[in-house]
Amino acid sequence: MLSNLEQQPADALLALIKLHNADTRLDKIDLGVGVYRTGQGETPVFGAIKAAEKKLVETQDSKAYLGPEGDMGFVEALVPYIFGDSAPSLDGRIDGMQTPGGTGSLRLALAMAKRSGATRIVIGKPSWPNHPQICRDLGLDIVEFNHAAPDGTADMEGIRQAIANGQEGDVLMLHGCCHNPTGIDYARSEWDEISALLADSPMLPLIDLAYQGLGNGMEEDAYGLRRVLGSVPQALICYSCDKNFGLYRDRVGALYVMMEQAGQLAPVMSNAHALARANWSQPPDHGAAAVRLILEDKALTAQWLDELDQMRERMRQVRQTLAAAGRAGSVDLTPIGGQSGLFSIIPLTKEQVLEMREKHGVYMAGSGRINVAGLTMGNIDGFVGAIADVSG
Ligand code: LMR
């Protein structure tokens, strides 16, 4: 029976990790998968996480099951950071549960949307490749709109049209901040407009917030999400701690649901719990428990926020340096300065991306996406030179 299965290509993004590791060139540059790197090219464990893990080892007295919702202390501790003092949160209209990473949250949110009658997922193009992949796996139709304008800012006409064409049964997938793969976020006035349009739309917003704090700050990066939640009756929120707590392989995420009235949450959450049980039963505990311990402790919280500030500041510097380089061959690097988060797109063809890799040892996604944190003051000139070489 199993021989009926056809060979599948390796995930293009994850395959880059192995390709880069196998390259013996000393000046190779890894701009592939989205992990933060320091100016020395390292991805260390946060000091606050190390301290919380130590505390966890010393104080944890059981590893007995917690249930499909995972560590609810973790889920609740994140609420003020994500939702602030916005009305839906204060009114008890939001409930959540722990998930294995942001991907687990997306899987659950989309499966639940499907269960409740969703047929189409409306999604900006380009998006994180795993978004359409999960939708396809669930048998959901994908409707695309253009996310990025040629000048490196958001294509507002694209989303206006998408919302105008919205139908019952549509889910609108939005990136809360640090858009993956373009780094192009909506400006505040654009979020205001999107929220107003959604107020009159039958679409259900699903907001993927996987990079809070890596753009402009924890509060600033939640602006769009809070605006949208303020104008719609229901929404799904998929959250990841994998980047802002550096917990990547520990898979730490959460799913939140907002309903019009607090009393409507129980049946929805019971479906989310049942789906979690059928998929992974219960989420892994360790990373979420470490996050909870940080957020329960003022000093550790301050340490974590400080580490996050340093990450953001370094990425800002890399962006500014790239933007200051101006042109590299036929590529205009200046829009990168106004974009945010880990990613930006260098407009290169697939062949040019391959040439970057083979000739210059620069590993970037086939879409031309780069992880800006892979650049350092030591390799940035070489990177700009390589772009000029392949595109000039
Ligand atoms: C990325 O886009 O590089 C990250 O979100 C990691 C992943 O799982 O793809």
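Hey, which of these cross-link pairs are over 20 Å Cα-Cα: Lys55/Lys298; Lys28/Lys243; Lys50/Lys298; Lys28/Lys125; Lys18/Lys50; Lys125/Lys350? Among Lys55/Lys298; Lys28/Lys243; Lys50/Lys298; Lys28/Lys125; Lys18/Lys50; Lys125/Lys350, the Cα-Cα distance tops 20 Å for Lys28/Lys243; Lys28/Lys125; Lys18/Lys50. Note on the chain: GNM, Cα springs under 10 Å; of Thr99, Thr182, Thr349, the largest mean-square fluctuation is that of Thr349. Against the chain, whose longest principal axis is taken from its Cα atoms, helix 350-360 shows a tilt of about 60°.
Alpha-carbon geometry of region 166-276: the Rg and the Dmax are 14.5, 40 Å, given in that order. If you run the Gaussian network model on the chain, springs between alpha carbon atoms under 10 Å, then out of Val143, Val45, Val291 the most flexible one is Val45.
Loop-resident chymotrypsin sites (Phe, Trp or Tyr not before Pro) (DSSP state other than H, G, I, E or B) in region 242-295 with no more than 16 further Cβ atoms inside 10 Å of their Cβ: Trp280.
Given +1 at the Cβ of Lys and Arg, -1 at the Cβ of Asp and Glu and no other charges, the dipole of region 134-254 around its Cα centre is 380 debye to the nearest 20. Placing unit charges on the Cβ atoms of the charged side chains and taking the dipole of region 320-392 about its Cα centre, the candidate lying farthest along the positive direction among Gly392, Gly337, Leu322 is Gly337.
May I ask for the angle, rounded to the nearest 10°, between helix 298-324 and the longest principal axis of the chain, with both axes built from Cα atoms and the value confined to 0 to 90°? For helix 298-324, the angle is close to 40 degrees. Restricting the calculation to alpha carbons of region 1-111 gives Rg and Dmax of 20.3, 57 angstrom.
Taking the 1.4 Å solvent-accessible surface of the chain as the whole, the part contributed by carbon and sulfur is 52%.
What size of dipole, in debye to the nearest 20, comes out for the chain about its Cα centre when the only charges are +1 on Lys and Arg C-beta atoms and -1 on Asp and Glu C-beta atoms?
About 660 debye.
Note on region 169-252: dipole from Cβ charges, positive end direction compared against Ser231, Met173, Leu209; the farthest Cα belongs to Leu209. A 1.4 Å probe run over the protein chains yields, for region 65-296, 37 Å² of accessible area per residue, whole-number rounding. Taken over the chain, the alpha-carbon convex hull comes to 155 cubic angstrom per residue. To the nearest ten degrees, helix 101-115 and the longest principal axis of the Cα atoms of the chain are 50 degrees apart.
Cβ under 10 Å from Cys238's Cβ, Cys238 left aside: what net charge do those residues give with Lys, Arg +1 and Asp, Glu -1? Once all neighbours under 10 Å are counted, the net charge is 0. The amide H of Val362, built 1.01 Å from its N in the peptide plane, has Ile29, Arg357 as neighbours under 5 Å, considering only residues 5 or more places off or on other chains. The packing ranking, built from the mean of other Cβ atoms within 10 Å per residue, places the peptides 13-23, 314-324 in the order 314-324, 13-23, highest first. Ordered from highest to lowest accessible area with the whole protein assembly present and a 1.4 Å probe, Ser391, Ser367 read as Ser367, Ser391. Using a 10 angstrom cutoff on alpha carbons, build the Gaussian network for the chain and name the most mobile of Gln133, Gln60, Gln167. Judging by the Gaussian network model, the answer is Gln60.
The values are calculated or read from the model by the stated rules, or taken from the named source; none is laboratory data. Keep in mind that what you see is a predicted model, and the values were worked out from it rather than measured. FYI the Cβ positions are ideal-geometry reconstructions off the backbone, even for glycines, and counts take in every protein chain you see. Just the protein is used for accessible areas: all its heavy atoms, side chains included, with ligands, DNA and RNA removed. Shrake-Rupley method; radii C 1.70, N 1.55, O 1.52, S 1.80 Å.
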